[in-house]
Amino acid sequence: MFIGALEAGGTKMVCSIGNPQGSVLQRASFPTASPEVTIPQIVDFIGKFDVAALGIGSFGPLDLNPDSPDYGSITNTPKTEWQGYPLLRELSARLGVPAAIDTDVNAAALAEYTMGAGKGLSSLLYMTVGTGIGGGLVLDGKVVHGLVHPEIGHMFLAPREEDTMPDGICPFHSHCLEGLASGPAIEKRWGLSAKLMTEDHPAWALEADYLAQMCANMIVAVSPEIIVLGGGVMQQAHLFPRIRKRTLELLGGYVASPRLTPEGIDGYIVPPALGINSGVAGALLLGARALEARD
Ligand code: ADP
Ligand code: ZN
């Protein structure tokens, strides 16, 4: 049986055909233009396969309130053509299959929890550090939605004294995580592409501090059993030991767990076990859930 998966991103729409266990068989990608142009491309590609359901992991913010008439719509994105677009309803109707939607990071969190770094645990935090910063949280097997859905990327941090851009670049907030530590924030602060920075560039000490502040805040707030850090910026593998060390410093030994020790933390703050495939695997799992819900 085939399941369709859509990773809806601000720059591209990645469509995959896979199975309910999360393995991918076919893939195609389309630039995110207007819905009038892009939605038919998605429907054409996925419609060629006899999919039983569709799972969507999307950029947001999304309306994920099950009681809302706009459930599954994109809400106030800066991409104005997509504002209010009923992504879930349209794709489900046009493809004629049950569909489920969640944020891209919640989908990735679900996949890492089910079949990746969090396998066998009961909670997991997944963060992506790229063009934006977002986080998804699974607690006791449930993806946390709450009031709207978590926006961990917009958590407020304490700017470092040596930071020449202490307010960050988020248009909504001063000194939030995304504004201080996303790829574009690094590039604006230093006037250099993050990809081109060597390991000894001072950008990385600052970056590790900000990501460690987030980890420490999430540890004291929700106590996840594992923290998975993905996204383009985390391709800088040397960030991991720095973030781990700084997280322990910030916690000051207060939270007692064998995982929060110099020996234990290497297995606690980790890269995605599914690599760049956590998003698509999560969307396939959501599709499988949509099918179960209908049956
Ligand atoms: P997106 O968030 O757009 O889906 P990515 O997760 O790849 O995509 O994030 C893109 C951002 O990550 C850009 O700001 C880019 O500069 C940064 N980035 C990508 N690869 C690297 C790398 N190897 N080292 C540092 N920064 C990177
Ligand atoms: Zn913000």
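The values are calculated or read from the model by the stated rules, or taken from the named source; none is laboratory data. Just so you know, these numbers come straight off a predicted model, no measurement behind them. Virtual Cβ from ideal backbone geometry, glycine too; neighbours counted across all protein chains shown. Just so you know, the surface numbers come from the protein's heavy atoms only, side chains and all, with ligands and any DNA or RNA stripped out. Shrake-Rupley method; radii C 1.70, N 1.55, O 1.52, S 1.80 Å.
Just a few scattered comments:
- Output for the stretch 144-172, where each listed residue is modelled with pLDDT under 95 and more than 16 Å from ligand 2 (Cβ to nearest atom): HIS145, GLY146, LEU147
- Residue check, ALA281 buried (at least 18 other Cβ atoms within 10 Å of the Cβ) and either in a loop (DSSP other than H, G, I, E, B) or touching a residue at least 12 places away in the same chain (Cβ under 8 Å) (or both): yes
- Residue check, GLU225 open to solvent by 30 Å² or more (accessible area, probe 1.4 Å) and within 14 Å of ligand 1 (Cβ to nearest atom): no
- Here GLY275 passes the criteria (1) on the phi < 0 side of the Ramachandran plot; (2) small (Gly, Ala, Ser); (3) under 22 Å from the mean Cα position of the chain (by Cα) except the one numbered (1).
- Filter result (more than 25 Å from GLU292 (Cα to Cα), within 16 Å of ligand 1 (Cβ to nearest atom) and not in a loop (DSSP other than H, G, I, E, B)) within the stretch 14-32: SER29, PHE30, PRO31
- Among the candidates LEU88, LEU64, LEU54, residue that is within 29 Å of PRO150 (Cβ to Cβ), in a helix (DSSP H, G or I) and under 21 Å from the mean Cα position of the chain (by Cα): LEU88
- Residue within the stretch 205-218 that is open to solvent by less than 30 Å² (accessible area, probe 1.4 Å), without any contact (Cβ under 8 Å) to a residue 60 or more places away in the chain and within 12 Å of ligand 1 (Cβ to nearest atom) present: yes
- Condition met for THR114 (away from ligand 1 (no atom under 16 Å from the Cβ), of a type outside the set (D, E, K, R), closer than 13 Å to LEU62 by Cα and surrounded by 15 or more Cβ atoms within 10 Å (Cβ to Cβ)): no
- Selection of the stretch 126-143 for residues being open to solvent by 20 Å² or more (accessible area, probe 1.4 Å), within 16 Å of ligand 2 (Cβ to nearest atom) and in a strand (DSSP E or B) yields only THR128.
- In this entry, GLU178 passes the filter for residues that are of a type in the set (D, E, K, R), crowded, with 20+ Cβ neighbours inside 10 Å and over 26 Å from ASP67 (Cα atoms).
- Of residues in the stretch 182-200 being open to solvent by less than 50 Å² (accessible area, probe 1.4 Å) and within 14 Å of THR164 (Cβ to Cβ), the one farthest from ligand 1 (Cβ to nearest atom): ARG189
- Selection status of ARG246, within 16 Å of ligand 1 (Cβ to nearest atom), of a type outside the set (Gly, Ala, Ser), in contact (Cβ under 8 Å) with a residue 12 or more places away in the chain and under 22 Å from PHE156 (Cα atoms): no
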